[in-house]
Amino acid sequence: MSGKRPQSFRPGYRFDTTRLFRCGQFAVLCAVLFGPLLGLPAVPALAADPIAALAPLLDTPYRDDGVDDPAGRHTLFADPAAVFPGPGYNCSGFVTTASRRLFGRALPLDAAKRDRKGDSGPGCWLGQDWDFGYDLILNITDGLPRHVLGPDGGGLDPAAVDAARFRGFPLHDAAAWAAALAGLGPGEAALAALSKKKDGRLLYYHVGLVVRDGQGRIFFYHATPGRGAHRLDLSSPAGMAALKKEFAEKTFGEKWILLVAAPLPR
């Protein structure tokens, strides 16, 4: 497996994760915090206008395990030596690549995908990659004054929660969405990790981004096999309905979403 599980959870929507490190292996030094010490290049932040920053990534095709590295090469999480002539992203690759543009961080691939607690590699009791989405959004925002959005746990440090027990709020809960989006402060973006249970196993299986435009509209950006990189307007009933339809609860039961907000560079 090169970063993707082969099975389908519903037609046109595949399990979207990248392989992690083995249980107990020492975590890769997080270049989000120590990039300057490692000689990694700075990435210009384009987040003064996050909508404009993300516009070039929209409509990019879906590629299994696809991501850009800090040098802008189109490659794969599982095989950084691979090079493609054009871009293509899975959900985690899109969020990693987009976050460089938003936060101005190098985000080397090993640092972005590291298994923070060594609890989701081969043989781990909760299963391989079970919390990949949670790990990814925390790796991307390491060192920033981040906080959880939502009616329960709003303002919490996401690194302090137990991801096996606290998963944010039900994705189809309209009141919870209203509370969460109201907590997104000016000059912030939110990273999203979606979770569900499959055959009794908890999976953080999908990730996305939430940003606000200059008119106050709030958009959810992500990449899926059926549509590639696209966005949905959560400020409109149609956009929120489209999000809930993309992640219909009838297939595997209730889905949850964890939103972690962090400030954009000014």
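The values are calculated or read from the model by the stated rules, or taken from the named source; none is laboratory data. All values derive from a computational prediction rather than experimental measurement. Cβ placement follows ideal geometry from the backbone for every residue including glycine, while neighbour counts extend to all protein chains displayed. Keep in mind that these areas ignore ligands, DNA and RNA; they rest on the heavy atoms of the full protein, side chains included. Shrake-Rupley method; radii C 1.70, N 1.55, O 1.52, S 1.80 Å.
Is there any pair linking a residue in region 254-266 that is open to solvent by 10 Å² or more (accessible area, probe 1.4 Å) to one that is among the basic types (Lys, Arg), with Cβ under 8 Å and at least six apart or on different chains, and which?
GLU254/LYS196; TRP256/ARG167; TRP256/LYS196
Would it be correct to say that SER99 is in contact with a helix residue (DSSP H, G or I) (Cβ under 7 Å, 6 or more places away or on another chain), within 30 Å of LYS197 (Cα to Cα) and at pLDDT below 95?
When the stated conditions are applied, SER99 does not pass them.
For region 204-214, indicate whether the set of residues that are under 17 Å from the mean Cα position of the chain (by Cα), aromatic (Phe, Trp, Tyr) and open to solvent by less than 20 Å² (accessible area, probe 1.4 Å) is non-empty.
yes
I'd like to check something: does region 32-42 contain any residue that is modelled with pLDDT of 80 or more and open to solvent by less than 20 Å² (accessible area, probe 1.4 Å)? Don't jump to the end; show me each part of the working.
So in region 32-42, the residues modelled with pLDDT of 80 or more come out as none.
No, there is no match, as no residue in region 32-42 is modelled with pLDDT of 80 or more and open to solvent by less than 20 Å² (accessible area, probe 1.4 Å).
Please go through region 150-170 and give me each residue that is more than 15 Å from the chain's Cα centre (by Cα) and open to solvent by less than 10 Å² (accessible area, probe 1.4 Å), ordered by number.
Within region 150-170, PHE169 is the sole residue that qualifies.
If we scan region 239-254, do we find a residue that is aliphatic (A, V, I, L, M), touching a helix residue (DSSP H, G or I) at 6+ places or on another chain (Cβ under 8 Å) and not in a helix (DSSP H, G or I)?
Looking for residues that are aliphatic (A, V, I, L, M), touching a helix residue (DSSP H, G or I) at 6+ places or on another chain (Cβ under 8 Å) and not in a helix (DSSP H, G or I), one finds none in region 239-254, hence no.
So TYR221 clears everything in (1) open to solvent by 10 Å² or more (accessible area, probe 1.4 Å); (2) within 20 Å of PRO56 (Cα to Cα); (3) among the hydroxyl-bearing types (Ser, Thr, Tyr) except one condition, right? Which one?
Answer for TYR221: the failing condition is (1).
Touching a Leu at 6+ places or on another chain (Cβ under 8 Å), open to solvent by less than 50 Å² (accessible area, probe 1.4 Å) and among the hydroxyl-bearing types (Ser, Thr, Tyr): is that true of THR97 in this structure?
yes
Kindly indicate whether any position in region 103-117 is assigned to a loop (DSSP other than H, G, I, E, B), touching a strand residue (DSSP E or B) at 6+ places or on another chain (Cβ under 6 Å) and at pLDDT below 95. Show your work before the answer.
Pass one, region 103-117, residues assigned to a loop (DSSP other than H, G, I, E, B): 104-108, 113-117.
If we keep only those that are touching a strand residue (DSSP E or B) at 6+ places or on another chain (Cβ under 6 Å) too, we end up with none.
No, because not a single residue in region 103-117 is assigned to a loop (DSSP other than H, G, I, E, B), touching a strand residue (DSSP E or B) at 6+ places or on another chain (Cβ under 6 Å) and at pLDDT below 95.
Of all residues in region 103-129 being buried (at least 24 other Cβ atoms within 10 Å of the Cβ) and among the aliphatic types (A, V, I, L, M), which is nearest to LYS196 (Cα to Cα)?
ALA112
Might you check whether a residue that is more than 19 Å from LEU54 (Cβ to Cβ) and touching a Ser or Thr at 6+ places or on another chain (Cβ under 9 Å) occurs anywhere in region 236-243?
no
Can ALA193 be described as in contact (Cβ under 8 Å) with a residue 24 or more places away in the chain, assigned to a strand (DSSP E or B), open to solvent by less than 10 Å² (accessible area, probe 1.4 Å) and within 24 Å of GLY155 (Cβ to Cβ)?
Criteria met by ALA193.
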